[in-house]
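K.L.:
Before I ask anything, here is the structure I am working with.
The values are calculated or read from the model by the stated rules, or taken from the named source; none is laboratory data. Treat the numbers as computed from the prediction; the structure is a model and nothing was measured. Cβ sites come from the backbone with ideal geometry, for glycine too, and all protein chains shown count toward neighbours. The protein model used for the area step is the full one, side chains on, heavy atoms only, and it has no ligands, DNA or RNA in it. Shrake-Rupley method; radii C 1.70, N 1.55, O 1.52, S 1.80 Å.
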Amino acid sequence: MLVRLLFALAAACAAPAALAQAWPAKPVRLVVPFAAGGTADMLGRLTAKKLSEAFRESFVVENRPGAGGALGSELVAKAAPDGYTLVVSGVASHVLAPALPRGVPYDPMRDFTHIALFGGPPSVLVVNPEVPAKNLAEFVELLKANPKKYSYGSPGNGTHGQLVAELFKQLARVQMQHVPYKGASGAITDLIAGHIPAASTTLSTAAGQIHAGRARALAISTGTRLPDYADVPTFAEAGYPDLIATIWFSLSGPASLPAPMVERLNAEVRKALDAPEVRERLKPEGIEPDPLSAAQFTAFVAAELKRWTPVVRASGANND
């Protein structure tokens, strides 16, 4: 009886390793819970191509947009932990949406295995060139002198753009009325038309207008200046060290994925993001990959939840 028990225990311990070793034996579905053409989609397709080459099996991208990334993420949360259904997770679907009033139908930590961090574009605070502020310090003075005059646009309620601006307002102790749009492009269009004085959005969305001189960048949410935007200061160097944030995306799977599988995926994702052609593709987006281990990335998600949940709730953002 004891011998049988020992054999059973050994078999149970070996099963996850054996599964990971044989995997993948068929195409892997990579769910992108956002529409085609966006940053999540671009990162998902870049990664899928590299993983297909590394594992000699197809990684097939499937766009399942809706509810700020919650629809596609829920699908993966309920999938079998066999490695054949993964998701492009991120700050929107796994940090911000869970903190909104109606929440999401999954737990962003308990219901997922977090595998690897891709990185993501930073936020940028831009103003119309007619706004009489050449830098962030002058803009703060302007807002304090006119506490009810100025507004800012963002890609929508509960988006990273809104929350970076709300955190800036808290830290600078200034007031700006939030004007939510259905996407970042609408905010930038109204900014350059003069309908709103300021906008908080992704750098990649505003880049063309910044280079053309139709929008003035006051600060960017990276830790250091980006080489392609060397004249744009960071919030940190302007006196707001807590405003280092990116709209990050990542790779996750259902809870309880076998550890050996997770380690293999993490290693290949890190290798893919370090490829020269991938780095060159990400550079114009302001995306700098962050090579974290699976354990480090899981801790990072937990820290982001702790950081942003009170900001979301204090902002009054909702699911609309």
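K.L.:
Give me the compactness ratio for region 190-260, meaning the Cα radius of gyration over 2.2 N^0.38 Å. Show your work: numbers first, answer last.
P.N.:
Numbers: Rg = 16.6 Å, N = 71, 2.2 N^0.38 = 11.1 Å.
With N residues counted in region 190-260, Rg over 2.2 N^0.38 Å equals 1.50.
K.L.:
Using a simple spin-label model with points 7 Å from Cα along the Cα→Cβ vector, what separation in nm is obtained for F55 and H195?
P.N.:
Going from the F55 label point to the H195 one covers 4.4 nm.
K.L.:
Scan region 159-244 for trypsin sites (Lys or Arg not before Pro) in coil per DSSP, keeping those whose Cβ has at most 10 other Cβ atoms within 10 Å, and list them by number. All intermediate terms of the calculation are to be shown ahead of the outcome.
P.N.:
Values: sites: K169, R173, K182, R214, R216, R225; in loops: R173, K182, R214, R225.
Qualifying residues, ordered by number: R173, K182.
K.L.:
Per the Cauchy relation, a quarter of the hull surface: what is the mean projected area of the convex hull of the alpha carbons in the chain, in nm²? Present the calculation step by step, with values, prior to reporting the outcome.
P.N.:
On the way: hull surface 69.6 nm².
Projected over every direction and averaged, the Cα hull of the chain covers 17.4 nm².
K.L.:
Rounded to the nearest 20 debye, what is the charge dipole size of the chain about its Cα centre when +1 sits on each Lys and Arg Cβ and -1 on each Asp and Glu Cβ? Working shown, then result.
P.N.:
Working: 30 positive and 27 negative charges, 78 e Å.
Dipole about the Cα centre, nearest 20: 380 debye.
K.L.:
Rounded to the nearest whole Å², what accessible area per residue is found for region 193-238 with the 1.4 Å probe?
P.N.:
Numbers: 1820 Å² over 46 residues.
Per-residue accessible area for region 193-238 comes out at 40 Å².
K.L.:
Can you tell me the dipole magnitude for region 64-194 around its Cα centre, using point charges on the Cβ only (Lys, Arg +1; Asp, Glu -1), in Debye to the nearest 20? Show your work: numbers first, answer last.
P.N.:
On the way: 11 positive and 9 negative charges, 65 e Å.
Charge dipole of region 64-194: 320 debye, to the nearest 20.
K.L.:
Roughly how many nanometres apart are two label points built 7 Å out from the Cα toward the Cβ at R313 and D82?
P.N.:
With each label placed 7 Å out from Cα toward Cβ, I get 4.0 nm.
K.L.:
Considering the dipole of the chain built from charges on the beta carbon (Lys and Arg +1, Asp and Glu -1) around the Cα centre, which of V140, H178, L282 is farthest to its positive end?
P.N.:
Result: H178.
K.L.:
Per residue, how much accessible area does region 40-162 have with a 1.4 Å probe, in Å²? Numbers along the way, then the final one.
P.N.:
Numbers: 4620 Å² over 123 residues.
Solvent-accessible surface per residue comes out at 38 Å².
K.L.:
Moving to a separate point now. For a test of the definition: using alpha carbon positions, the gyration tensor, and the 1.5 limit on a/c, classify region 243-307 as rounded, prolate or oblate. Let's see the in-between values first.
P.N.:
Details: a/c = 2.61, a/b = 1.18, b/c = 2.22.
Oblate is the answer for region 243-307, as a/c is 1.5 or above yet b/c matches or exceeds a/b.
K.L.:
At a temperature of 10 °C and a viscosity of 1.306 mPa s, determine how fast region 178-320 diffuses translationally according to Stokes-Einstein, using the Kirkwood radius over alpha-carbon pairs as Rh; express D in µm²/s, rounded to the nearest whole number.
P.N.:
89
K.L.:
Is region 25-149 rounded, prolate or oblate when judged by the Cα gyration tensor, a ≥ b ≥ c being the square roots of its eigenvalues, rounded requiring a/c under 1.5 and prolate requiring a/b larger than b/c? Show your work: numbers first, answer last.
P.N.:
Numbers: a/c = 3.41, a/b = 2.05, b/c = 1.66.
Prolate is the answer for region 25-149, as a/c is 1.5 or above and a/b outweighs b/c.
K.L.:
Could I ask something else about it? Count of lysine pairs in the chain with Cα atoms under 21 Å apart, counting only pairs 8 or more residues apart in sequence or on different chains?
P.N.:
16
K.L.:
Would you mind classifying region 123-256 by shape? Square roots of the alpha carbon gyration tensor eigenvalues, ordered a ≥ b ≥ c; an a/c under 1.5 is rounded, otherwise it is prolate if a/b is larger than b/c and oblate if not.
P.N.:
Numbers: a/c = 1.41, a/b = 1.37, b/c = 1.03.
Judged from the Cα gyration tensor, region 123-256 comes out rounded (a/c under 1.5).
K.L.:
Please state the charge dipole magnitude for region 118-210, taken about the Cα centre, from unit charges on C-beta atoms (+1 on K and R, -1 on D and E), reported in debye and rounded to the nearest 20. Show your work: numbers first, answer last.
P.N.:
Values: 7 positive and 5 negative charges, 43 e Å.
Here region 118-210 has a charge dipole of around 200 debye.
K.L.:
How much of the accessible area of the chain, in percent, comes from carbon and sulfur atoms when a 1.4 Å probe is used? All intermediate terms of the calculation are to be shown ahead of the outcome.
P.N.:
Details: 8030 of 14370 Å².
Carbon and sulfur atoms account for 56 percent of the accessible area of the chain.
K.L.:
Here is a further query. Report the label-to-label distance for E138 and R110 in nanometres (one decimal), using points 7 Å from each Cα along the Cα→Cβ vector.
P.N.:
In this crude spin-label approximation the distance works out to 5.2 nm.
K.L.:
Could you identify which residue out of A172, A187, A199 has the top mean-square fluctuation in a GNM of the chain using Cα springs shorter than 10 Å?
P.N.:
Answer for the Gaussian network model of the chain: A172.
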